[in-house]
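Below you'll find the structure, written out as structure tokens, and then a few comments.
Just so it is clear, none of the values below were taken in a lab; they were calculated from the coordinates. The shown structure was predicted, so the numbers you read here are calculated from the model rather than taken from an experiment. So basically every Cβ, Gly included, is an ideal-geometry build from the backbone, and we count neighbours across all protein chains shown.
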Amino acid sequence: MAEESFFEKEKDRLLKEIATGMEDLISTTNAYNRKMEEAYGVGREFSTVADLWGKFVADVTGHKVERPEGPGCPRNRRDDVWRGREMIMSFPSSHQPPNKA
């Protein structure tokens, strides 16, 4: 049996390196996918809490609580977990909140 040439050895080494890199990529991608699914689940849980809190505030204060909608809405951005607690309260014109100047 003839000894492998430098080219054959280098080809085998590079193929093994590529295979290892692809395995690492697949493993990392799977871990990333699991984390994204977890983050999505947490976001849904916060949405439920925000709805309940909005109903509570509306009942306690007697003011209507509106949730922002549309493309600029915090719920439609990546930071919805942080900003998802924002609510806009509609006050009757005679009961405007005091300005904090």
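Listing for the model above:
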quantity: Separation in nanometres of the label points that stand 7 Å from Cα toward Cβ, at Glu4 and Asp59; calculated: 7.2
quantity: His63 long-range amide H proximity, modeled H, under 5 Å; calculated: none
